[in-house]
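The structure under discussion appears below in the form of C-alpha cells.
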Amino acid sequence: MYLDDIRDFALSLKDAEECFPFGEETFVYKVNNKIFLLIGFDDNQMRLNVKCNPEEAIELRERYAYIIPGYHMNKKHWNTILIDNGADKKIVLDSIEKSYELVKGRKK
C-alpha cells in the first residue's frame, strides 16, 4: 500500500480532516476534533496508529505479525500497523474505518 491510497481512504470518510500538529513527518486524521489515524515513518517504513476495541486489538496482534501495540500510544486502545511487512490492504482499511467509527461516536 502507498501513502496516497491510505490518505485518500481516510479523507473519504465523512468529516475526516488531515492536519500536522506533530510536524510534517506525521500525518494526523481527525473526526470531531479527535484523532483516529496517525501515519508516521521510521527508517523509511510507514506505520499507522489506529484506535481499537481492546479485545480486538489483542486478537489482531496475535493473528498478524505486522500489527503491534500502539507505538507511543495507549497500548490497550491503539495498534500500530507496519505497512512494509506484508500488511493486507483489506485489514488495513478495515482497521482505519473501525478506528474512525470508534472516535466518531465520541463527541467532544
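The values are calculated or read from the model by the stated rules, or taken from the named source; none is laboratory data. If you're wondering where the values come from, they're calculated on a predicted model, not measured in any experiment. Neighbour counts are summed over all protein chains in view; Cβ atoms, including those assigned to glycine, are modelled from backbone coordinates with ideal geometry.
Okay, here's what the table says:
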{"read-out": "Listing of strands (runs of 3 or more DSSP E) fully contained in the stretch 1-64 that carry 1 or more residues being within 24 Å of Gly86 (Cβ to Cβ) and among the charged types (D, E, K, R)", "value": "34-42, 45-51"}
{"read-out": "Options Ser95, Ser99; residue that is touching a helix residue (DSSP H, G or I) at 6+ places or on another chain (Cβ under 9 Å) and either surrounded by 15 or more Cβ atoms within 10 Å (Cβ to Cβ) or within 19 Å of Cys19 (Cα to Cα) (or both)", "value": "Ser95"}
{"read-out": "Filtered residues of the stretch 20-39 (kept if exposed (fewer than 12 other Cβ atoms within 10 Å of the Cβ) and on the phi < 0 side of the Ramachandran plot)", "value": "Phe20, Pro21, Glu24, Glu25"}
{"read-out": "Residue in the stretch 7-14 that is closer than 24 Å to Gly105 by Cα and of a type in the set (Phe, Trp, Tyr) present", "value": "yes"}
{"read-out": "Inter-residue pairs, beta-carbon under 8 Å, first without any contact (Cβ under 8 Å) to a residue 60 or more places away in the chain and in the stretch 65-84, second among the basic types (Lys, Arg) and part of a loop (DSSP other than H, G, I, E, B), 6+ apart", "value": "Pro69/Lys75"}
{"read-out": "Scan of the stretch 94-105 for residues that are assigned to a helix (DSSP H, G or I) and under 14 Å from Lys34 (Cβ atoms), ordered by number", "value": "Ser99, Tyr100, Glu101, Leu102, Val103, Lys104"}
{"read-out": "Residue match in the stretch 40-52 (condition: at pLDDT 95 or above, surrounded by 16 or more Cβ atoms within 10 Å (Cβ to Cβ) and touching a Cys at 6+ places or on another chain (Cβ under 8 Å))", "value": "no"}
{"read-out": "One residue from Leu93, Leu38 being under 13 Å from Ile6 (Cβ atoms) and in contact (Cβ under 8 Å) with a residue 60 or more places away in the chain", "value": "Leu93"}
{"read-out": "The stretch 65-93, residues that are outside any helix (DSSP H, G or I), closer than 21 Å to Asp8 by Cα, within 11 Å of the chain's Cα centre (by Cα) and not β-branched (Val, Ile, Thr)", "value": "Asn79, Leu82"}
{"read-out": "Criterion: farther than 16 Å from Tyr100 by Cα and of a type in the set (S, T, N, Q) - qualifying residue of Asn49, Asn53, Asn74, Asn79", "value": "Asn74"}
{"read-out": "Glu17 modelled with pLDDT of 95 or more and farther than 14 Å from Ser99 by Cβ", "value": "yes"}
